[in-house]
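*Asks:* Quick one: this structure, given as structure tokens, is what I'll be asking you about.
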Amino acid sequence: MADALLAEPLIGRQTQRDSLTGWVGELVAGGGRAVLLEGEPGIGKSALVRAAAAEARAAGCQVFWAACDELSRAFPLLPLLEALGVRESADDPARKAIMRMLRTGSGTGSAVEPVVAAAEQLLALVDELCGAAPVLLVVDDLQWADPATVLAWARLARSVRQLPLLLVGALRPVPQRDDLRTLRRTVDPDGLLHVQGLPEPEAARLVSTLVAGTPGARLMRLARGASGNPLYLTELVNALARGGRLVRDDGRVEVTGGPTPGSLPDAIADRLEFLSTSARAALRAGALLGVDFSVTELAAVSGRSLTDLLPALDEAIAAGVLRDDGAGLAFRHPLIRTALYDGMPAAVRAAWHRDAGRALARHGAPVERVARQLLPALCSAGSQAGAADDWVVRWLVESARPLIGRAPRVAIPLLRWALAGTPAAAGPHDLLACRLAEALCRVGEVTDAAQVASRALAHAPQPDLVVDLHGTLAQCRATEGRSEESLAALERALGDPGLPPPHRARLLVLVARVHRGLGHVDQAGRVAAEALAEATATGDGWAVGWALAVLTMVHGMRGEVVHSLPLFDRALTVTEGEPALADLRMLLQINQANAFSDLDRYDDAIAAVRHVRRKADSAGNVVRLGQAESLLVELLFNTGRWEEALAEADLVDQSPGAFRDPVVECCRRGIAATITLHHGQGAARHLAALQPYADRLGNRMVYPLALARSLEREQAGAPGQALAVLMEALSRSAEEQAETAPLLPDAVRLAIEVGDLATARAVVVRAATLVDGSTAPYRQATALHTRGLLEHDPVQLLRAADRYEAAGRPLPRVQALGAGGVALADSGDVVAARAQFTHALAGYEALGAQWDLARIQARFRAYGIRRGPQAKHRRVHHGWDALTPTETKIATLVARGMSNPQIAAQLFLSRRTVQSHVSHILTKLGVRSRMDIAREATRRERLPEP
């Protein structure tokens with residue numbers, strides 16, 4: 001019975017086969033789609049996808065196949081890494097960079113989450129591959145995929161309309177998982193293929209093909225027990241043939257007497273029984289490694305040479321148990337591997353896993369390959385695991401940090417195992433405890449992390465570990481809103497007379513950062529200056545850079561922006577070319593861009609933030625990327641580019657495991673809410689989305705959040721509540737003068753409206769402190785604006801509008817113009833008031849601020865001043881004319897055949913930003929694919945130089 005007939009499970013699958021063939025055709029033409037095939041094991045999902053893969057290869061497409069299994073589930077992104085050839089030995093620098101990213105743990109002060117960063121780069125890699133040729137990417141057995149892989153699949157599914165990418169996932173109905181239920185909703189209904197058992201006529205046809213004859217009645221009765229499962233039918237017929245149980249009589253094939261396999265596992269076991277002892281031993285060793293494995297690893301685990309293994313492997317391939325998988329070997333079906341694996345006693349399996357891990361470590365295997373053996377060894381043995389071997393402890397001492405970066409949830413039980421058998425007085429104990437605390441903090445178990453770190457500190461470990469442990473503790477306590485406790489602990493640590501100067505400087509940096517996070521601006525400045533002096537004396541670049549960074553933040557919070565500029569230059573010089581300080585350098589560049597904006601240098605600010613966003617995107621540093629994107633949204637909002645700001649604000653981070661800074665999220669979403677409220681569209685979606693982050697802000701003031709909440713209450717007819725929101729925010733930011741400036745004019749306006757003149761006067765005094773000798777037009781404008789509102793003085797209000805115009809701030813400019821017009825009308829100068837009304841009206845229309853338009857028209861109508869014929873309502877356009885300038889450039893480059901990475905490089909944008917803009921372009925043009933954009937551009941002859 002030839003196992004070449006295993007292609008025959010496609011019998012009865014013509015409908016699904018036709019769908020996949022059609023989608024491959026769309027792929028060749030440049031279209032994309034996401035597809036999910038769901039069905040029980042052995043039902044033929046993989047056979048269908050392999051047939052589609054063969055067609056795609058024949059048509060010139062690139063095909064990548066990822067397979068998940070129970071062993072890979074604990075290791076984020078492992079199936080995609082293996083499918084896309086991402087390994088340190090790869091020739092491609094981009095693939096090597098991803099692996100280096102995963103191997104690197106995050107030290108104190110680092111904002112890089114390796115798995116999140118690697119996921120970003122994997123998506124960028126798929127984007128680049130699609131730019132070279134259409135791509136079919138298959139992820140098989142998704143039910144075993146780790147959450148990071150599932151989220152990466154979902155993100156790719158959302159981008160398939162923009163790429164020549166056919167994304168296929170195959171999964172079983174069980175186990176049920178919330179993330180997989182969510183995943184199904186990302187796929188169009190026609191892309192959900194449910195593969196069920198074959199109807200009886202098709203099952204009979206398959207059996208007939210397998211036996212090369214007409215099946216008899218007894219054979220068909222047995223076949224009905226397979227419930228139409230093609231793999232079970234195939235294994236059943238093959239088992240009968242191997243046992244000599246089939247007889248042929250004049251073209252009819254019938255079953256003779258004797259036992260028959262009662263289930264699919266029984267049929268598979270029957271197949272394995274016909275293998276030699278040598279082959280079965282090799283296969284059991286392979287089963288430890290997973291569904292697919294390399295021959296080199298198999299040799300290491302089995303302790304046999306390649307020469308000795310080859311006959312056994314050839315036998316297994318000939319018997320249809322293994323298949324050649326390109327770079328290695330794979331079990332023909334996961335159920336075969338399961339049968340071998342489950343057939344080993346748990347104690348034997350645990351011991352063999354431990355030996356396999358040691359063998360792989362001895363042969364220099366990557367940390368996750370070793371841990372992939374150690375974790376099941378620990379889990380299988382359970383309470384009988386005993387103390388970790390000395391070599392396990394030594395291996396964790398050397399490998400814990402990269403393992404934490406790669407798979408922190410795997411590192412945690414292994415570190416606990418090693419710690420349980422290591423006395424507190426032993427050398428490795430403190431280091432292992434430090435790493436365990438770091439891993440626990442990484443996965444969000446901050447209470448446990450703080451307990452482990454506190455216990456480790458009680459042992460008075462070496463100074464390097466003291467700094468790391470306090471850094472972890474500070475991060476945990478900040479997450480729980482207990483930063484004050486960190487200050488007390490750090491002060492005690494600084495009181496140690498034996499603390500070396502370099503470590504003292506680093507602890508001072510931590511103290512300064514905690515003070516800054518708590519809003520203690522003066523204390524943060526004093527401690528940062530002390531840290532800078534000590535770090536400079538010891539030559540510690542890390543401490544010098546961070547101390548300077550805190551000082552720049554302090555000057556910014558005080559409104560002393562000019563004083564921060566030379567500190568930025570010095571800090572950027574210190575961090576230049578230092579890989580360990582790359583994250584800090586990005587933070588400095590983001591804050592420098594913010595400083596430029598405070599000085600009304602918007603061109604410099606936007607150029608700087610786009611530069612650092614590009615760097616963060618390239619490095620996969622999603623924390624700095626999010627901060628840069630948030631600042632860009634703020635800059636675009638301030639300069640009146642509201643459509644672009646909304647497009648950027650929509651780039652909500654969906655990366656697996658991503659850390660979302662509550663300040664960043666509240667700023668970005670708060671601005672989106674403010675814009676939509678001014679547009680008159682309501683902002684319930686944005687306000688609801690930012691609430692979880694607002695709950696984590698503690699005492700921090702984020703002005704876009706306060707602005708949005710206040711405007712929402714005002715539009716609801718509650719000006720008193722709107723004022724209370726602003727005053728509560730101002731009360732929490734007494735030392736952060738510059739950050740409160742956007743709130744001050746609205747606070748004065750609302751206070752006057754509700755008759756609270758005392759509050760209005762207090763806010764005017766506060767606004768006056770912003771100037772304090774500053775020549776920045778925006779600060780001068782804010783002081784003039786608030787005083788002009790209080791005194792109802794048109795001269796001051798119109799001077800404020802001029803200063804706002806010089807600062808490049810259109811929204812407060814038109815607000816000042818409108819208030820000045822009202823003051824002029826109240827003074828009796830209706831002609832001058834009409835002129836200011838016309839200017840304000842034009843400004844609001846340019847912004848699309850429909851709510852403000854309605855208010856100002858109603859206000860001036862009371863004076864008999866009405867809208868002139870030259871004024872027009874803002875129209876909502878669709879089609880090419882609706883594109884923003886940036887979108888027009890991107891659409892033109894798409895029409896010229898450029899991929900997203902190429903467009904990002906040419907326009908100095910991030911890949912994620914380009915992808916978001918392409919989504920908006922598709923919506924505005926009313927088309928589905930990048931090819932449609934090209935057709936639309938050609939039809940309209942819109943192919944100018946971008």
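*Asks:* Only residues in the range 517-537 that are touching a residue at least 60 places away in the same chain (Cβ under 8 Å) count as the first member; pair them with residues that are buried (at least 21 other Cβ atoms within 10 Å of the Cβ) and β-branched (Val, Ile, Thr), Cβ under 7 angstrom, at least 6 apart or cross-chain, and list the lot.
*Replies:* Cβ pairs passing all conditions: Val521/Val554.
*Asks:* Another question, then. For the range 561-594, give me each residue that is small (Gly, Ala, Ser) and part of a helix (DSSP H, G or I).
*Replies:* If the condition is that a residue be small (Gly, Ala, Ser) and part of a helix (DSSP H, G or I), then Ser564, Ala571, Ala580, Ala582, Ala593 are the ones that fit.
*Asks:* Follow-up question, since we're still on this one. Does at least one position in the range 61-82 carry a residue that is small (Gly, Ala, Ser), assigned to a strand (DSSP E or B) and more than 19 Å from the chain's Cα centre (by Cα)?
*Replies:* Yes.
*Asks:* Would you point out which residue out of Leu697, Leu631, Leu625 is within 30 Å of Gly405 (Cβ to Cβ), in a loop (DSSP other than H, G, I, E, B), in contact (Cβ under 8 Å) with a residue 12 or more places away in the chain and not polar (S, T, N, Q)?
*Replies:* Leu697
*Asks:* So, Arg787, is that one more than 20 Å from Phe860 (Cβ to Cβ) and free of Cβ contacts under 8 Å to residues at least 40 places away in the same chain or not?
*Replies:* yes
*Asks:* Under 7 Å between Cβ atoms, at least 6 apart or on separate chains: pull out the pairs that start in the range 156-178 with a residue that is in the same structural domain as Val24 (by TED's automatic domain parsing) and without any contact (Cβ under 8 Å) to a residue 12 or more places away in the chain and end on any residue that is surrounded by 24 or more Cβ atoms within 10 Å (Cβ to Cβ) and in a loop (DSSP other than H, G, I, E, B).
*Replies:* none
*Asks:* Continuing with this model, one more query. Test Ala170 against the criterion of being modelled with pLDDT under 95 and under 22 Å from Ser72 (Cα atoms), and give yes or no.
*Replies:* The answer is no for Ala170.
*Asks:* I need a count of the residues in the range 311-342 that are touching a residue at least 24 places away in the same chain (Cβ under 8 Å) and surrounded by fewer than 15 Cβ atoms within 10 Å (Cβ to Cβ).
*Replies:* 2
*Asks:* Check whether at least one residue in the range 204-220 is polar (S, T, N, Q), under 30 Å from Leu36 (Cβ atoms) and assigned to a helix (DSSP H, G or I), and report yes or no.
*Replies:* Looking through the range 204-220, at least one residue is polar (S, T, N, Q), under 30 Å from Leu36 (Cβ atoms) and assigned to a helix (DSSP H, G or I).
*Asks:* Going through the range 159-178 one residue at a time, which ones are part of a helix (DSSP H, G or I), surrounded by 14 or more Cβ atoms within 10 Å (Cβ to Cβ) and not aliphatic (A, V, I, L, M)?
*Replies:* Scanning the range 159-178 gives Ser159, Arg161, Gln162.
*Asks:* Report, by residue number, each residue of the range 119-146 that is more than 26 Å from Gly405 (Cβ to Cβ) and not acidic (Asp, Glu).
*Replies:* Cys130, Gly131, Ala132, Ala133, Pro134, Val135, Leu136, Val138, Gln143, listed by residue number.
Listed here are the residues, each with its yes/no results for (1) in contact with an Asp or Glu (Cβ under 7 Å, 6 or more places away or on another chain); (2) modelled with pLDDT under 90; (3) closer than 27 Å to Arg181 by Cβ; (4) surrounded by fewer than 17 Cβ atoms within 10 Å (Cβ to Cβ).
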| residue | (1), (2), (3), (4) |
| --- | --- |
| Ala2 | no, yes, no, yes |
| Leu6 | no, yes, no, no |
| Glu38 | no, no, yes, no |
| Ala52 | no, no, yes, no |
| Ala83 | no, no, yes, no |
| Lys96 | yes, yes, no, yes |
| Met99 | yes, yes, no, no |
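*Asks:* Shifting gears a bit: Which residues, counting only those in the range 380-419, are at pLDDT below 90 and among the small types (Gly, Ala, Ser)?
*Replies:* Selection gives Ser380, Ala381, Gly382, Ser383, Ala385, Gly386, Ala387, Ala388, Gly405, Ala407.
*Asks:* Let me ask something else. Which of the residues that make up the range 223-243 are of a type in the set (A, V, I, L, M, F, W, C) and under 15 Å from Pro199 (Cα atoms)?
*Replies:* Ala223, Ala226, Leu231, Leu233
*Asks:* Condition (residue is within 26 Å of Leu697 (Cβ to Cβ), among the polar types (S, T, N, Q) and crowded, with 23+ Cβ neighbours inside 10 Å) applied to the range 631-643: is it met by at least one residue?
*Replies:* no
*Asks:* Can you tell me which residue is surrounded by the most Cβ atoms within 10 Å (Cβ to Cβ) among those in the range 434-483 that are acidic (Asp, Glu) and either farther than 19 Å from Ala512 by Cβ or at pLDDT below 90 (or both)?
*Replies:* Ranking the candidates gives Glu438 first.
The values are calculated or read from the model by the stated rules, or taken from the named source; none is laboratory data. In this text the structure is predicted, and so the values were computed from the model without any measurement. Cβ sites come from the backbone with ideal geometry, for glycine too, and all protein chains shown count toward neighbours.
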